[in-house]
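The next block holds one structure in the form of structure tokens; read it before the comments.
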Amino acid sequence: MRFARQQYIELMSFGDFDRPMFSELFGPLIGLPEEWEVQGASQDEIDMIAFDWDYVPYVDCGATLGAFGTPPIEVLQDDDEYRIEKDYLGRTTKLCKKTATLPLPMDYPVSEPKDWQRLKEYFVFSEMRIDQQQIEKAKSLQQQGWLVRAEMPGAWDILRELMGEERACLTIFDWPDLIHDIFSTITDTCIKCLERVADQLVIDQLFAHEDMAGKAGPMVGPAQVLEFFKPYYLAVWQLLSSRGTKLFNQDSDGDMRPLIDAFLECGVNVMHPFEPNAGMDIVEARKKYGDRLAMLGGIDKFVLLKSKDEIRKELEYKMQPMMQQSGGIVFGIDHRIPNGVPFDNYCYYVNLGREIIGLPPLDGTRKGWGRMAF
């Protein structure tokens, strides 16, 4: 079912809502559609639209907040297996086409302060960052029920893009002034861009992609978040929330439990995808944080590889009445659907989830899906 923007905002801000959402956040991993086709799945099922997923359509607000004016991508190799490029930051990246959707950097442009100075021009404010045509499009679609979002560069995300994870961790301690300068530059750009957009329309959701944790925990601790990330996050959030923005959604895989309190101080009020395999539990988070934190995801993707009894146990726990009635939840598996998931198991998961939250059985007449990881 397609939700309108106001329905979604009410649900995720713990307002007046009819029911929680049940969604497919990311879709299948590479290779799974071919597995399902052999098992008899239709094209509509492979494309996800046959399952009548809940979703809200969204549109970008019309401001580019990250790197801008960078050199064009240069393709170095492109064959059946790999695509190797010089990317927008000058990094050499390698994409393994058979197993991945994102290329991996093989080198990084910043290892010391002088390197940042060469790249800084791509992150400073320019009026060219404002796309008036896109703003008008966003205004029109918002009136039709689309959610308008602004994507700010993730704090950890931009450090990783510039330096790689190891160098970013070391630089926080070795060159803290460099970290402050990076965030000062990006903060200034975000504020100036978003002031111009917010003068013309309400941005419904601020979004930051981080992916700053694994099963063992996050790459930095709460002290670093509060010292380096909070001034940036909070400056952007205070501007937009004062102009009517209700939602600040952060995307990070892994175990984010040590950082949730710190990011709540930064203004974040929505998080996803809540990976159970990394210790993230949406039920426990709801008990601890109440209406301070809305969530998307939280259902263990790996349970789909197990028995139907185990699928039922997972859904009955995660989709229990307390979770349905409290608001602030989009139920869904915690990342892409893993390879090896039997199509029959996936259908069982979909139908059981619908039954638990009181949706009618699928009948083939209602179709729809929109990626909710935004």
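Structure data summary
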{"item": "Among the candidates ARG286, ARG371, residue that is modelled with pLDDT under 95 and within 20 Å of the chain's Cα centre (by Cα)", "result": "ARG371"}
{"item": "Some residue of the stretch 234-244 being buried (at least 22 other Cβ atoms within 10 Å of the Cβ), over 29 Å from TYR348 (Cα atoms) and not charged (D, E, K, R)", "result": "yes"}
{"item": "Residue count for the stretch 225-259, restricted to those that are within 23 Å of LEU147 (Cβ to Cβ), in a loop (DSSP other than H, G, I, E, B) and of a type in the set (D, E, K, R)", "result": "3"}
{"item": "Where THR93 falls short, out of the listed (1) part of a loop (DSSP other than H, G, I, E, B); (2) without any contact (Cβ under 8 Å) to a residue 40 or more places away in the chain; (3) surrounded by 15 or more Cβ atoms within 10 Å (Cβ to Cβ)", "result": "(1)"}
{"item": "Residue in the stretch 111-129 that is nearest to PRO153 (Cα to Cα), counting only those that are out of contact with any Ser or Thr (no Cβ under 8 Å at 6 or more places or on another chain) and of a type in the set (A, V, I, L, M)", "result": "LEU119"}
{"item": "Number of positions in the stretch 140-157 that are touching a residue at least 24 places away in the same chain (Cβ under 8 Å), in a helix (DSSP H, G or I) and either buried (at least 22 other Cβ atoms within 10 Å of the Cβ) or among the hydroxyl-bearing types (Ser, Thr, Tyr) (or both)", "result": "2"}
{"item": "Contacts under 9 angstrom Cβ, first residue in the stretch 323-335 being over 13 Å from MET21 (Cβ atoms), partner modelled with pLDDT under 95 and small (Gly, Ala, Ser), 6 or more apart", "result": "HIS335/ALA373"}
{"item": "Some residue of the stretch 262-283 being in a loop (DSSP other than H, G, I, E, B), of a type in the set (Gly, Ala, Ser) and under 20 Å from the mean Cα position of the chain (by Cα)", "result": "yes"}
{"item": "Whichever residue in the stretch 289-337 is assigned to a helix (DSSP H, G or I) and under 19 Å from the mean Cα position of the chain (by Cα) and, among such residues, is surrounded by the most Cβ atoms within 10 Å (Cβ to Cβ)", "result": "LYS301"}
{"item": "Residue within the stretch 80-87 that is in contact (Cβ under 8 Å) with a residue 40 or more places away in the chain, outside any loop (DSSP other than H, G, I, E, B) and crowded, with 17+ Cβ neighbours inside 10 Å present", "result": "no"}
{"item": "Qualifying residue in the stretch 199-218 (condition: assigned to a helix (DSSP H, G or I), of a type in the set (Gly, Ala, Ser) and surrounded by fewer than 20 Cβ atoms within 10 Å (Cβ to Cβ))", "result": "no"}
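The values are calculated or read from the model by the stated rules, or taken from the named source; none is laboratory data. Model, not experiment: these values are computed from the prediction. Backbone-built Cβ (ideal geometry, glycine too); neighbour counts: all protein chains shown.
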